Structure formats: C-alpha cells, structure tokens
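The structure under discussion appears below in the form of structure tokens.
The values are calculated or read from the model by the stated rules, or taken from the named source; none is laboratory data. Quick caveat: nothing in here was measured; it's all calculated off a predicted structure. No Cβ is skipped: glycine too gets one built from the backbone with ideal geometry, and neighbour counts run over all protein chains shown.
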Amino acid sequence: MSVLIDFSNTEERLGDFGSAKFKERYRDSPTLLGIAYTLVTLQWEGTPEILTDAFIPQDKDIDSFASTLSRLDYECNKQRYPNMHQLEHVSVPAFIEFDNVCTIFLGIENGMAKLFDYRNNVLLEHALTNEACTVCEISEYSKIFREPPPESQDKSNWIKYAFYRYNDEIKSLVLLSLIINVLGAMQPFFIMGVYSFALTSGSETTLFWLTALAIFLAFAEYGFKRIRMNILATSGKDLATHISQNVIGKLLWLPYSMTSSAGVSSQLARLKDIDQLRKLVTAESTLSYFDMPFVIIFILAITIISGSAALTVLAGIALMLVFCVYSRYIYTQATAKSSRANAMVSYQWNELLRSINTIQGLPLLRVIRSRFHAAHNQSLDDAKGVSITNGKIQSMGQGLIQAIGTASIITAVLGVMAGETEAGAMLAIIILVWKALGPIMGIYNSITKFKTIKAASTQINALMSLNDDRYHLEKSPPIRHFKGNIGVNGLTHRYQGAPNGLTNLAFSVQAGDKVSISGISGSGKTTLLNILAGLEDRYQGGVLLDGYNIKQFNNFRYRKAINYIPFELHIFEGTLESNFIIHDGVIAKHQMEEIIDFFDLHPWLPDGLDTHMSSDYVEQLPNGVQQSLRMALGLGCCDQGVIVIDEPFVGCEKEYVKYINKLFTEKLAEATVIFTTNDKSYIAASNNCLLLDHDGAQKYFGFPDKVIQTIKS
C-alpha cells in the first residue's frame, strides 16, 4: 500500500473512490460516482474526502457535474448538439445527456459511443444516432492548467474583484438609474403643462392626454424602480452570500497555528465586517449612489424653467458638499478619539496581564480599579461624544437640505410674483428640487458609514491576502494512507516565556505499534501529541512519518490523513449521526452503528443515530459513557493508519480497560496508536512506553514493564 497517491495507478485510485464508506454516499447522490470516475481519468490530485466536500447537488445531473468541477477549478462548457455524430469532436471524458439518460462519455470506438452509466455502475455502448444531446465538456487547457480565479491573483483587492463579478448587474443599475431620472425629470413638465393648460384652455381632450402622459410617466418610473430594486435584491443577496462564503471559508482554511492564538473577538470582528458589506449591497439606500451622477438632469430641467432657481439649487448643493466634508472631518476626529481610548483600555489590560507576577504582593483589585477607572471613563465619555456628534451632524444636515429646498422654492415663487415664470412652472420646480435633493440626502445619511465600510473592506482584503492551507494544497504531496512508521529525532519545544519544555526527544515507532506516553502533569505529553497531530509546528528537530517529514505536507491534508482524538471532543447541537459526519467526514451508517455497538452505547441512546445531542445532554451522562462517546465519535470507521489519543477513558480507566485491549486486538490491530496515560493497565496494553521527566526531557523509551514498576500503586 503506497503512502502517497499514485495518479497513474488507475486500479488503486478506483479502489479508493469505491471504498465501503463512500458507497452509501454514491447511492444517495449517483452523480458523485460519475464525477469521481471522471476525476480519476483526469488524474486529479485530490482525495475522495475532498470531492465529497466539494460536491454541489443540483436539480439536474449536468448542472451538478458542471458546478462541482468548476468548484475544483476546471473550466466546463455546456453545449447542445443536434445529433450524436457531433460527439466525434468532443474531448473525453465529458458529461452527456440524451433522451433523459445521463452518462459519462468516454470516447468513440468502432462507430459506437462508449458511455459509463454511473447510476447502474456499468459501461455501455450506444450507436451514434440523430438524437439531440447536451454535452458538458471540460476544456483541454484546464485539464493541464487549473489556474485560480482572478480574485486570487491580486489578493490585496479581493473585494474589488468580488464586485467585478457583478459588472453586468452594475451596468444595468446605472442604465436603469439614468432612465428613472430622465422620466422623473420629464414628469414635472407634463404636470406643469396640465396646470397651465387647465387655466388657459378649455380643451378637455388635450387636458386628458397631458394627464394620461403624466400618469404614464409616473407608472413607468415606478416600474423601472421596481426592476432596479429587484436587481439589487437578487444580485446584492448573491454578492453578500459570495463574500460571506469566501470569508468564512478563508477563516476555516487558515493554519491552526494562526487561528489558535486569535481571540474570539477578532474572529467575530470579521463576521461584523461581512455584515457591513451585506448591508451595503442589499440596502435600498445604496441606490442613492447610482442616482447621484444624474442629479445634473434635474438641474438642467430646473434651468430650462427658471435660471435663478437652478442657481439657487447649485449653490445649495455646493454648500452641502462643503458641509459633508466638514461633517466627515468632525466625525473622524470623534471616532479617532474614541478608538484611542479603547486602545488604551486594551493596552492597560495587556500590560497588567504581562506584569501579573510583579504585582501579586499588592491588593490586586485596587490595582485594577485604579488603573482602569480613568481609561474606562474616558472610553465611555468618548463613545457618548461620538453618538452626540453623529446626532448633531444628522440634524444639521437635514436642516440644511430643508433650507436649500425652501430657498429654491422661494426663488421660484419670487419668479412667479415678478412675472418671470408661470405658476405651473413653480409647481414643477418644487418637484424637481426635491427630486434633485433626494439622492444627496440618501448619501448624506450614510456618511457615517463610509469609514466603517472602508475599514471592513480593508480588513477583509487583508484576511483574503493571507496564504492558507488551501493555497498550499496543490504544492503538498497528496497523501493516500500512512503505514504508521514514526521517527522522532532531536525534538525540542518551548512555549513563549516558559523555562522548560520538550527537550531533545528521540524515539522510533514501527507500523502497528501501540505506544503510551507517561509523565506528570505539565511534562509535555499533550504538547507532544499536538506536534504529532500537526496542530503545533513551532518546534525544532524532525518528525518523520513513513520516511516523510510531516512539515512537508499540507497541514490540512496531513490532519485529514491521521486521526487525533483530543482530551475534550466538542459535541455539536444536532443528531448523533450529524456529529459523526462533522467529526469523521464521510462515514456509512452501518459503520456508525458498528462503533456504537462496540462501546455498548445503545442503552444511553434512546433514538439511536437520531438521538439529539447537546452539551447539556452529554454532561448529565455518567463519565464512563461520556468517554465512550468521545472515543466512538473520534474513531469513526477506524480506517486511518495513525491514531493519536489524549487520555483515553480519563477518570474511568480501570472500568473501561477492556475496550482498550479489545480495540488494540481488533479494530486498531493494524494501526499505529499513540496515547497519553498514567494508568498501569493502559501502559501494560502498549508495546512501548515513553516516559517524560517533569521538565520535558526524555527519561525512558522502551518496554512498559520498567515504567509500570516506577508508578506507585
């Protein structure tokens, strides 16, 4: 059995994709089997687990085929052919659909089309008839060069490229905004005509047509606004979903060493950034940005009616722009002051926590109170100041807009009184003035959001520019199955600021060995497991697995290829079956039932795999049952070659030692198992034992007898 994937060994690859734990998934989603065999033909470097994660189910099989391969960076082209003779020009493998039959096209031989019927898992031959068919073909270029999408080329501007995806929709919004504003500018002229004509003429027919046209323009404007709003709602939702999926996916793909040290607040901050952009692309007020350039249309219309009123509006808009700049400056100053206060609080906390050893002789509560009282008060006062400043800016701005509108109307009234304009024109000017000021008011109301949106975009761009595990995935050797030969040489590890740690460890483990790690609390047992499990990469020395340095593997691929059961295995809200899938990936139901039977858990699971699990439910179970459940969820189908367990059956070792002996002789007989324990019976079940000294040095490695003798009864 090879450790790395051999792409040229088609039989071995088909065996991997056809293993027992995937058959149940193929029965539920037959298209997945067709895609799997297609990828084997293309010598895809991924694993069955990655494919099942990437699979996108759709109503039509051909859409599932195209969507899934596109997600794996293949370029797919769907095309309709009038007859099957056109298949001679199609590159294989390809998806073909004809007469409600879906298959994988493998080529033409002796005038017959070779097809793979993935629903029945058989090869077929079909004559090249005149039936029409739909083909989803993979481009020859993408079979060789699967380049990343454009947004990953310039990672520092990821948000910009995310918006570029909807370039056509943005153009449509701009065009619709132009039409809406032209209609909005024309409507007052008809209203002016109706008013003036009603006073000067007695023709009801003409009056009727003018009124009808004005009403038609009003309904047309409303209809185009509805279309524009629908585009914003659908495309904005898609864009928000695209941003959310990619940002959350990025957080999940970041290396463990990077995310493990990040606080919960920093993770939640990125979700808040997503929410800010979601509001931007879905809020109706966003349309004000599209209307703003066309304010000139209303000003031209006002100019046609009354030049003096147009000058008043222009002067008001100029004054409004100056006020916007001034308001932004005031708001920026207020928020910067608040940010400095919040930063001071964080600094004070960090300084206190770093100096905790030096102030233990002082009354701690008094120290905290004196250090943070002023900083917190300043922070609260500044936050209140930001709120007050924002309220003042909003009130002043709305008052200014009202003043501009009122001044324009007074100018129009004065024009009527002076005989320069008609009364109907005055009415039209009033409508046009408010239409011109509408977009300005919308943008002004969102002025306080500019800084927030800019900061959110900057943070997301910075996050998306980081190199994650997925970025390095293709550069890493693809792992098929580890045999379990482990070699550790000169392994040394220190946590920052710690005087002691793992020191110059050296030992070797043969495939199939069961190795226990023993030592007092704080000697580094869990740290060693984290290193072997790929969760901690900040160490010196070498760790070889089947002759490969584990650092040369992609961290995601390495952690998927071994099985690590931590001291505390998180229980997710949901059924037991869903918890198995979350912890173990693809696993058949009968394999879940087998491991539950193995640990005799059925009496504690009233609904079997459908039993609703939660932290509260598990906590009320006896400790032994909790540990058995942890082991069952952690082991899953027991198909990995390397198993790493932190304290199996902790707190109930003697009562459950029978399961360890049974595991080592049955389900894990061929696997290499490394586990931590200080219990004699568990150490006795191992082939070798590593004993760590209190300072992390290697005290002994070998047969467990000597370690058992040193442990007090």
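Which of the residues that make up region 644-667 are under 36 Å from the mean Cα position of the chain (by Cα), crowded, with 21+ Cβ neighbours inside 10 Å and either in a loop (DSSP other than H, G, I, E, B) or of a type in the set (A, V, I, L, M) (or both)?
Those that are under 36 Å from the mean Cα position of the chain (by Cα), crowded, with 21+ Cβ neighbours inside 10 Å and either in a loop (DSSP other than H, G, I, E, B) or of a type in the set (A, V, I, L, M) (or both): VAL644, ILE645, GLU647, PRO648, PHE649.
Restricting to region 584-613, give me the number of residues that are at pLDDT below 90 and within 22 Å of PRO566 (Cβ to Cβ).
4
When you scan region 43-151 for strands (runs of 3 or more DSSP E) that lie fully inside it, which ones turn up with 3 or more residues that are crowded, with 19+ Cβ neighbours inside 10 Å?
Of the strands (runs of 3 or more DSSP E) lying wholly inside region 43-151, those with at least 3 residues that are crowded, with 19+ Cβ neighbours inside 10 Å span 94-98, 101-109, 112-117, 133-138.
Can you find, within region 690-713, the residue that is surrounded by the most Cβ atoms within 10 Å (Cβ to Cβ) among those that are in a helix (DSSP H, G or I) and of a type in the set (Val, Ile, Thr)?
Going through region 690-713, the residues in a helix (DSSP H, G or I) turn out to be 704-710.
Checking which are of a type in the set (Val, Ile, Thr) leaves us with 707-708, 710.
Details: VAL707: 24, ILE708: 15, THR710: 10.
Only one residue tops the list, namely VAL707.
Within region 241-258, identify whether any single residue is among the small types (Gly, Ala, Ser), at pLDDT below 70 and surrounded by fewer than 15 Cβ atoms within 10 Å (Cβ to Cβ), and answer yes or no. Show your work before the answer.
Residues of region 241-258 among the small types (Gly, Ala, Ser): 244, 249, 257.
Next cut, at pLDDT below 70 only: 257.
Keeping just the survivors that are surrounded by fewer than 15 Cβ atoms within 10 Å (Cβ to Cβ) gives 257.
Looking for residues that are among the small types (Gly, Ala, Ser), at pLDDT below 70 and surrounded by fewer than 15 Cβ atoms within 10 Å (Cβ to Cβ), one finds at least one in region 241-258, hence yes.
Only one of these is assigned by TED's automatic domain parsing to the domain that holds ALA233 and among the basic types (Lys, Arg): LYS160, LYS114, LYS143. Name it. Give the derivation first.
Values: LYS114 fails: assigned by TED's automatic domain parsing to the domain that holds ALA233; LYS143 fails: assigned by TED's automatic domain parsing to the domain that holds ALA233.
Every option except LYS160 fails the conditions.
Just for region 473-490: of the residues that are surrounded by fewer than 16 Cβ atoms within 10 Å (Cβ to Cβ) and within 27 Å of HIS242 (Cβ to Cβ), which one is modelled with the highest pLDDT?
Filtering first and then ranking leaves LYS475.
If we keep just the residues of region 594-643 that are without any contact (Cβ under 8 Å) to a residue 60 or more places away in the chain and among the acidic types (Asp, Glu), which is nearest to GLY487 (Cα to Cα)?
Across region 594-643, the extreme among qualifying residues is GLU594.
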